[in-house]
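The values are calculated or read from the model by the stated rules, or taken from the named source; none is laboratory data. Fair warning: this is a prediction, and the values are worked out from it, not measured in the lab. Cβ placement follows ideal geometry from the backbone for every residue including glycine, while neighbour counts extend to all protein chains displayed. Remember, those area values only see protein heavy atoms, side chains included, never the ligands or the DNA or RNA. Shrake-Rupley method; radii C 1.70, N 1.55, O 1.52, S 1.80 Å.
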Amino acid sequence: MSKLTKETRAGLHSATRLVHAGRNPEDQYGFVNTPIYRGSTVLFPTMASLKDRDIPYTYGTKGTPTIRALEDAWTELCNAEGTVLAPTGLAAITLALMTAVKSGDHLLVTDSAYGPTRHFCDTVLTRMGVETSYFDPQVGAAIETLFRPNTTAVLVEAPGSQSFEMQDVPAISEIAHKHGACVIMDNTWATPLFFPPHERGVDLAIEAGTKYLSGHSDLMMGLVSANKTWFRRLRQTFDAFAMCAGPEDAFLCLRGLRSMKLRLMEAQKQGLELARWFEARPEVKEVLHPALPSHPGHDIWKRDFLGASGLFSIILNPVSETAVAAMLDGLELFGMGYSWGGFESLVIPFDCSTYRTATTWAPGGPALRFQVGLEDMADITADLDRGFARLRAVG
Ligand SMILES: *Cc1c(COP(=O)(O)O)cnc(C)c1O
């Protein structure tokens, strides 16, 4: 069998790279996978080597073969210059922001950003003298009017957390770069398989590996990939914080990586099937799924994305909170809880109006976010059908 190298893998499709990137059996006595390397101290063979730091690993915080295997695999998958890991998705976001901004800077953040991202901007960054302005996720090229001389970074997320607005990432990136600003994207929903971030103009791309990369609701992980312009600064910031991910979690993410495409394709299929089922329900006012032609951001999704994952929201026709509780409390296949991207179905009620500042959120009915799991669709819809019956009974 001829050997694949990083260079020959670059010409292969993402599904093939997912299987082969980040492992070198010849370095592991022929075993297929890189094992879990635990460690703090790394021994240098000589004083000269200690002086030159000429060995591949120098200390636990700088990475181990397991950590590097995941970093390398992700870098290849993202067509990035390099990747660093963080212990959670949120830590990856804060690391990317700390890479891009400094005291006195102005930061633009989409009004649809993941809630804890806002919390970081409004507390820690404010305290450090960085001012954040939130913008309408559907602003597109008109974002230019929001730039100030000290605007140094723009944070986008598509689709929006909970609310699923699409963003014109290439247009926003083009304007940001014209102004010398860094484009940070939370790409957790699509993953690099369905949205290749750096090919669309993103400088620092974030993935909450807690979701589809792990795929099994059993760990937390964050990844930041960077293009050539930003990788040095990202690595320097990572080294300064030493917010390291654990080797067991990195190992489990490498395992998740190998089947990520398969799970995402199924999530896409199941998600669309369920979204269409909701569209036909009289209890449902609106389905917020970018792959549906009825979605206001559908054209952008079709132009820029290669697929849709299994997370979307619906707006119910007006009913009481008691009715929604009757529906959700009795569901047998849907757990109620945060996070998503695992094998099991989840639902969570939400209300964006409590935190939005640049846009108003008035959907005209209760909002629910669904994560579709790998259960049989007939069982899923039967469970929801009984749920809607309970909802109608309370009214
Ligand atoms: C869950 C999530 C995160 C944070 O990931 P954690 O690992 O839970 O910290 C960030 N962004 C998005 C869009 C998420 O859904």
Some residue of segment 206-221 being open to solvent by 20 Å² or more (accessible area, probe 1.4 Å), in contact with an Asp or Glu (Cβ under 9 Å, 6 or more places away or on another chain) and within 12 Å of the ligand (Cβ to nearest atom): yes
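Okay, residues lined up against (1) small (Gly, Ala, Ser); (2) open to solvent by 40 Å² or more (accessible area, probe 1.4 Å); (3) away from the ligand (no atom under 16 Å from the Cβ):
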site: Glu266; (1), (2), (3): no, yes, yes
site: Leu272; (1), (2), (3): no, no, yes
site: Ala275; (1), (2), (3): yes, no, yes
site: Val284; (1), (2), (3): no, no, yes
site: Pro290; (1), (2), (3): no, no, no
site: Phe312; (1), (2), (3): no, no, no
site: Leu316; (1), (2), (3): no, no, yes
Residues of segment 183-216 classified as of a type outside the set (S, T, N, Q), more than 16 Å from Ala141 (Cα to Cα) and not in a helix (DSSP H, G or I), total: 19
Residue in segment 153-173 that is touching a strand residue (DSSP E or B) at 6+ places or on another chain (Cβ under 9 Å), part of a helix (DSSP H, G or I) and away from the ligand (no atom under 15 Å from the Cβ) present: yes
Residue identified as open to solvent by 10 Å² or more (accessible area, probe 1.4 Å) and of a type in the set (Phe, Trp, Tyr) among Phe164, Phe251: Phe251
Search result, residues across segment 345-395 that are open to solvent by 50 Å² or more (accessible area, probe 1.4 Å), farther than 18 Å from Pro318 by Cβ and not in a loop (DSSP other than H, G, I, E, B): Thr354, Ala378, Asp379, Asp385, Arg386
Filtered residues of segment 256-274 (kept if closer than 10 Å to Ala308 by Cβ and basic (Lys, Arg)): Lys269
Which listed residue is more than 24 Å from Thr151 (Cβ to Cβ) and among the acidic types (Asp, Glu), from Asp168, Asp186, Asp203, Asp218: Asp218
